[in-house]
Amino acid sequence: MKLYHYYRSSASYRVRIALNLKSIPWEGSSVDLRAPASAQRTPEFLILNPQGLIPVIADGAHTFTQSLAIIEYLEERHPQPPLLPGNAPDRAQVRSLALAVACDIHPLANLRVLNYLRSSFAADENAVNAWVGEWIGSGFRALEERARRLSGDGRHMFGSAVTMADVCLVPQMYNARRFHCDLGPFPTLRAIGAHLESLPAFARAAPEAQPDAPRAP
Ligand SMILES: N[C@@H](CCC(=O)N[C@@H](CS)C(=O)NCC(=O)O)C(=O)O
């Protein structure tokens, strides 16, 4: 499989984790989101995804966008180890946790949204960090409460095995740290994140482990 991604794209990071957990061989193609490259807006990339967003995955003749659709595809094609629980109510809980991150937290701090705040509303970096902190903070307050109720062992968002909810949490925590959000009020999420980040599939998917990540001099 070929994954179009970028080292610090958190939606791509979700897909890298899922591929690694399922031991699916993949080849990466870096899409540099930063200006002046802005590779997500080139005509060649817009053929792959007219939305101008990564990740995109190519599996033979098929090309897919949207990280959660990609992860569900991987789940159906490579069911082991499962990232969704075995019964419908539990699956709904896990999908709900994953969607809370992917639909309600992440999009508000996406690059194009932050660039629009900068260019059209004269937001400086303090204002941008305050914006991101507000939406990650309110999203994490709810997730913290839900994880307290739903985690079976304090090491996973739901139950006591890795699920799609964990695959979404870790990249969002990376984003939160990147934008200097205060994670102090979220001890449950921090404990879950620390455990997950220690797992090899998560560690190999981390931004700093990607070949396009800047190297320390
Ligand atoms: N809902 C999409 C979100 C994809 C997305 O927002 N990707 C970001 C990187 S994490 C992106 O490509 N941003 C480019 C831009 O904002 O110009 C998914 O889950 O795949």
* Subtract the Cα-Cα distance of residue 126 and residue 112 from 0.36 nm times their separation in residues, and report this length gain in nm to one decimal. => 3.3 nm
* Pick out which of 15, 113, 162 has the largest mean-square fluctuation in a Gaussian network model of the chain, springs linking Cα atoms closer than 10 Å. => 113
* Asked: Ranking 106, 78 by Cβ neighbours within 10 Å, fewest first, what do you get?
  -> 78, 106
* Structure fact -> Amide H proximity to residue 28 below 5 Å, modelled H, separation 5+ or other chain, gives 3
* **J(HN,Hα) series, the stretch 112-122, from Karplus relation 6.51 cos²θ - 1.76 cosθ + 1.60, nearest Hz, glycine and proline x** => 5, 5, 5, 5, 5, 4, 5, 7, 9, 10, 6
* To do: For the chain, calculate the relative contact order in percent as a whole number, restricting contacts to Cα pairs under 8 Å that are 6 or more residues apart.
  => 24
* Asked: Counting alpha carbon pairs within less than 8 Å and at least 6 residues apart, what relative contact order, in whole percent, applies to the stretch 121-195?
  -> 37
* How many times 2.2 N^0.38 Å is the alpha carbon radius of gyration of the stretch 62-170? -> 1.24
* Asked: Quick one: longest stretch of the chain between exposed loop trypsin sites (Lys or Arg not before Pro), exposed meaning at most 13 other C-beta atoms within 10 Å and loop per DSSP?
  -> 35-214
* Cα centroids of the stretch 195-217 and the stretch 10-68: how far apart, whole angstrom? -> 17
* Structure fact -> Taking a crude spin-label model, label points 7 Å out from Cα along the C-beta direction, the residue 29 to residue 96 distance in nm is 3.9
* Based on the Cβ-Cβ distance from residue 73 to residue 47, what FRET efficiency comes out when R0 is 30 Å, to the nearest 0.05? -> 0.90
* **Shape of the chain, Cα gyration tensor, a/c cut at 1.5** => oblate
* So who's got an amide H within less than 5 Å of the one on residue 151, skipping anything under 5 residues away but keeping other chains? H placed 1.01 Å off N, in plane. -> 159
* How would you rank 76, 144, 134, going from fewest to most other Cβ atoms within 10 Å of each one's own Cβ? -> 76, 134, 144
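None of the figures in this text is laboratory data; all of them are computed from the coordinates on show. Just so you know, these numbers come straight off a predicted model, no measurement behind them. Reconstructed Cβ throughout: ideal geometry from the backbone, glycine too, with neighbour counts over all protein chains shown.
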